[in-house]
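Engineer: First, the structure itself, so that you have it in front of you.
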Amino acid sequence: MIEAEQVEALLLEALGNLNRELGQDRKIDVRRDTILFGREAELDSLTLVSFVVAVEAMLQERLGVPISLIDERAMRRAVSPFRNVQTLKDYIMSIASETTEQAGLAG
């Protein structure tokens with residue numbers, strides 16, 4: 001089972017990595033309340049997709065959690081899981097919990 005602190009650290013690291021790729025004038029705040037999606041977002045749509053792909057890869061490689069973050073479940077939510085780092089962390093924890101429960105039922 002993954003821990004919320006691990007996921008948050010991974011998300012903040014992914015933002016930091018993204019900052020190294022962006023120009024000096026496009027740096028992103030690396031905080032848990034950094035807005036990722038929406039009118040006030042610090043990421044444009046292409047940068048958000050890059051961030052999500054990087055997070056999915058890191059979750060798989062480092063924590064052994066194969067998660068697809070952009071799916072129908074994410075799009076149906078009243079509050080976007082991509083609103084900020086905190087909401088994305090909560091969403092990842094929710095999916096990881098569901099995946100663990102399903103694996104337990106299948107086993």
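Engineer: Under 8 Å between Cβ atoms, at least 6 apart or on separate chains: pull out the pairs that start in the range 73-94 with a residue that is touching a residue at least 24 places away in the same chain (Cβ under 8 Å) and surrounded by fewer than 21 Cβ atoms within 10 Å (Cβ to Cβ) and end on any residue that is among the polar types (S, T, N, Q) and assigned to a helix (DSSP H, G or I).
Structural biologist: Ser80/Thr87
Engineer: While we're looking at this one, here's another question. Please pick out the residue among Glu56, Glu61, Glu72 that is at pLDDT 95 or above and more than 11 Å from the chain's Cα centre (by Cα).
Structural biologist: Exactly one residue qualifies, and that residue is Glu61.
Engineer: OK, next. Go through the residues of the range 1-19 one by one and say whether even a single one is touching a Leu at 6+ places or on another chain (Cβ under 7 Å) and β-branched (Val, Ile, Thr).
Structural biologist: yes
Engineer: Could you count how many residues in the range 46-84 are over 22 Å from Ala9 (Cβ atoms) and acidic (Asp, Glu)?
Structural biologist: Residues flagged as over 22 Å from Ala9 (Cβ atoms) and acidic (Asp, Glu) within the range 46-84 amount to 2.
Engineer: Turning to a different aspect of this structure: I'm trying to understand the selection: among the residues of the range 60-72, which are of a type in the set (A, V, I, L, M, F, W, C) and touching a residue at least 40 places away in the same chain (Cβ under 8 Å)?
Structural biologist: Scanning the range 60-72 gives Leu63, Val65.
Engineer: So, of the residues in the range 1-33 that are among the acidic types (Asp, Glu) and surrounded by 14 or more Cβ atoms within 10 Å (Cβ to Cβ), which turns out to be nearest to Ser45 (Cα to Cα)? If you could, list the steps in order and put the result at the bottom.
Structural biologist: Filtering the range 1-33 down to residues among the acidic types (Asp, Glu) leaves 3, 5, 8, 13, 21, 25, 29, 33.
Filter once more, so that each one left must be surrounded by 14 or more Cβ atoms within 10 Å (Cβ to Cβ): 8, 13.
On the way: Glu8: 21, Glu13: 19 Å.
It comes out as Glu13.
The values are calculated or read from the model by the stated rules, or taken from the named source; none is laboratory data. All values reported here derive from a predicted model rather than from experimental measurement. Cβ sites come from the backbone with ideal geometry, for glycine too, and all protein chains shown count toward neighbours.
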